[in-house]
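No value in this document is a laboratory result; all are computed from the given coordinates. A quick note: this is a predicted structure, and the numbers were derived from the prediction, not measured. Glycine gets a Cβ as well: all are built from the backbone with ideal geometry, and neighbour counts include every protein chain shown.
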Amino acid sequence: MHYIFKLLILIYTIFKMSISYEISPTEIIILLVVISFDIYREKYNKHEALDIIIALIEATLIAVGARYNSLFIILLAIGAYDFIRVRIYFLIIPILLFGFFTLGLNQFGDFSLLIVLSCFFSFVTTSLKEKETNYKESYDRERQYRYDLEQSRIKLINMSKEIVYITEVKERNRIAREIHDTVGHKIAGVLLQLQASFKLRTKDNEKSDKLLKDSIENLSDTLIVLRNTVHNIKPKDKVGIEYIKEIIHNFSFCTVDFSYKGDFNNISPNNLEVISLSIKEALTNASKHSQADKIIISIDVYEKFIRLFIKDNGTGCENIKEGLGISGMRERLTNIGGSISIDSRDGFMIVAIIPIENIQGGVRIEGTYSR
């Protein structure tokens, strides 16, 4: 828009000069220099400081040209336009003063009106240009934000797919481990007993019948273990300490005194799973073997480790025969770097130590029976 404004001012000035009298070579040279400066500024110059310097030189040339021809003073409207555009507002005052002393009071009114209109037009076009630039920058930023958002969305989708896959793999491994640790071992034991009973049926009927009876009992226990395993595999409606409370609440064999302390947010899902399975196994053993009427369970979460304490007031025994349940409990704890100690001399007591961090191995504390 400013190209058109400057072009109109130049055309009007040249027209007025041409119809007034013959233009001298000096005036033509000054006009050409002013036009050249304007072309350079508009097309090639990108530096604001140089733009200001050229605008001052232009205004000086126009003032010099006004000494040869007073019509040159019309071109100061271009200078006023440029000073407003580069925000040098105070230079408008020298332009008005120069016009006043050059033209006199009679013609100063028209000159001042031209300068005011030039300033107003410059202000409007500059404001519109700045708004257009701001809109373009905002649009470009919005496009960049949308692109970044789309990339983030794609990454989140890919990550969610990976998480689902990893979760499925972990769940399959957990189910396989549960079946292997419980049902698989029991079925293998029953198979061995049945094979031995079959070989002895013609040699020692009494021993064969005993092995067959033991196989039936073990198979019955296997069905119970299978049912418990399927129950453990099902997704949990509750998580964290609430899940453990639900396990204890559903246990109806005897009274359970449960207590806990510490920050359960420090317990990883894997460690919590091991703790809950250990409690289930201990409660199952108590209902089958202990004849207890009270069980004490406490979970203490410390900075570096978790202590699980389980004790009943049942009959106990001198020699502990670790079955698949206890051995599976020990194996799970060892796999996460924990340890377990068992004492059955006064009731049945289990103390398990589980590190907060997943450290391989773990320090065994066999023989630590006091709470």
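Per-residue extension of 0.36 nm, minus the Cα-Cα distance of Leu113 and Ile39, leaves a gain of 24.0 nm for this segment.
Over all other residues within a Cβ to Cβ distance under 12 Å of Gly189, the charged ones net out to -2, with Lys and Arg as +1 and Asp and Glu as -1. A run of the chain free of exposed loop cleavage sites, with GluC sites (Glu not before Pro) counted only in DSSP states other than H, G, I, E and B and at most 11 other beta carbons within 10 Å, reaches its longest extent at 23-302. Based on alpha carbons, the Rg and Dmax found for region 63-166 are 27.1, 91 Å.
Here the scattering of the chain is modelled by Debye summation over its C-alpha atoms, one equal scatterer each and no solvent; at q = 0.09, 0.12 Å⁻¹ the log10 of I(q)/I(0) is -0.68, -0.97.
Under 19 Å of direct C-alpha separation, and excluding same-chain neighbours fewer than eight residues apart, Lys199 reaches these aspartates and glutamates: Asp209, Asp214. The distance between label points at Ile11 and Glu48 comes to 3.2 nm (points 7 Å beyond Cα on the Cα→Cβ vector).
Efficiency by 1/(1 + (r/R0)^6): what FRET value for Asn335 and Met159, r their Cβ-Cβ distance, R0 = 30 Å, to the nearest 0.05?
Result of the calculation: an efficiency of 0.65.
Would you list the membrane-span-like helices of the chain, meaning whole DSSP H runs whose alpha-carbon atoms span at least 15 Å along their axis and whose mean Kyte-Doolittle value is at least 0.5? Counting only whole DSSP H runs, the qualifying helices are 2-20, 25-43, 48-68, 92-103, 185-200.
Annotation: peptides 87-93, 60-66, 250-256, ranked by per-residue average of other Cβ atoms within 10 Å with the highest first, follow the order 60-66, 250-256, 87-93.
For Lys6, the lysines whose Cα falls under 28 Å of its own Cα, not counting residues fewer than eight places away in the same chain, are Lys16, Lys43, Lys46, Lys129, Lys131, Lys136. Just going by the charge dipole of the chain, with Lys and Arg at +1 and Asp and Glu at -1 on Cβ, which of Asn173, Ile326, Ile297 is farthest out on the positive end? The listed residue farthest towards the positive side: Ile326. Between Ile93 and Tyr135, the contour length at 0.36 nm per residue exceeds the alpha carbon distance by 11.8 nm.
Straight-line reach only, C-alpha to C-alpha below 23 angstrom: list the lysines that Lys280 could link to, leaving out same-chain residues fewer than 8 apart. Of all the lysines, those that pass the test against Lys280 - Cα under 23 Å, at least 8 places apart if same chain - are Lys170, Lys186, Lys234, Lys236, Lys238, Lys245, Lys261, Lys288, Lys294, Lys311, Lys321.
The alpha carbon centroids of region 238-281 and region 52-122 are separated by 89 Å.
Test of understanding: what is the full-extension gain from Ser127 to Ile28, defined as 0.36 nm times their sequence separation minus their Cα-Cα distance?
Full extension of this stretch gives 32.2 nm more.
Overall size of region 134-182 from C-alpha positions, given as principal axis extents largest first: 70, 9, 5 Å.
Can you quote the Å³ per residue value for the convex hull of the Cα atoms in region 2-103, rounded to an integer? Let's see the in-between values first.
Values: hull volume 8.6 nm³, N = 102.
Once divided by residue count, the hull of region 2-103 is 85 Å³.
Taking label points 7 Å from Cα along the Cα-to-Cβ direction, Tyr145 and Ser252 give a separation of 6.0 nm.
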